């Protein structure tokens with residue numbers, strides 16, 4: 001895996017998201033600027049790590065990074081704009097939340113958010129560029145913690161376990177109880193369950 005730190009650029013912000021696919025909850029993006037010579041071992045795509053590994057790395061990243069920011073695309077924005085546009089909005093908000101202005105923004109995937117500095121989209125960047133891996137971990141842990149917090153507010157759905165993804169447990173609860181305000185009504189499985197919360 002490359003560090004992604006060309007000598008001419010001082011501050012590169014890696015950007016990634018968590019939560020494009022779930023039926024419920026916001027999409028969360030993170031932007032991270034790492035020091036050129038950081039000592040964080042084990043950075044990888046958040047999907048390749050265990051929850052325990054992600055939480056350990058989250059603590060290291062937030063402690064050692066130059067800056068990090070988190071941005072959101074709310075459920076209402078996902079339904080109104082579509083998930084792609086809401087994701088780009090969350091990414092832009094994450095970059096804007098950085099306390100340090102980056103020289104360049106490197107984004108996992110095919111598309112870049114509308115930001116004021118140069119931006120580069122990198123397919124599988126979360127697997128190949130350490131600063132994007134760091135952003136994927138911040139986004140994933142931030143979103144998981146938020147979804148766990150909804151367990152008590154919306155009992156019976158299992159948000160602490162599936163984090164809003166379309167598991168068998170979640171789909172069964174959705175059919176039985178109907179959608180909550182957290183559910184993305186523009187997503188077909190949610191739209192099919194018309195019983196109000």
Final fewest-first order of 124, 143 on the 10 Å Cβ neighbour count is 124, 143
Gained length - residue 51 relative to residue 121, 0.36 nm times residue gap less alpha-carbon distance | 22.5 nm
Helix 168-177: inclination vs the chain longest Cα principal axis, degrees, rounded to 10, gives 50
Average the reciprocal distances over every distinct pair of alpha-carbons in the range 12-149, invert the result, and give the Kirkwood radius in Å.
-> 14.4
Once the Cα atoms of helix 51-64 and of the chain are each reduced to a long axis, what angle between those two axes, in degrees from 0 to 90 to the nearest 10, is obtained?
-> 40
Residues 62, 50, sorted so that the one with the fewest Cβ neighbours within 10 Å comes first = 50, 62
Sort 138, 12 so that the residue with the fewest other Cβ atoms within 10 Å of its own Cβ comes first and the one with the most comes last.
-> 12, 138
Average Cα contact separation per residue, the chain, under 8 Å, 6 or more apart, as relative contact order % = 29
Quick one: helix 83-96 against the long Cα principal axis of the chain, what's the angle to the nearest 10°, folded into 0 to 90?
-> 40
Round to a whole angstrom and tell me the spacing of the C-alpha centers of the range 153-197 and the range 86-129.
-> 30
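We did not get these values from a lab; they are worked out from the coordinates using the rules stated. Because the structure is predicted, anything quoted here is derived from the model rather than measured. Glycine also receives a Cβ, built like all others from the backbone with ideal geometry; neighbour counts cover every protein chain displayed.
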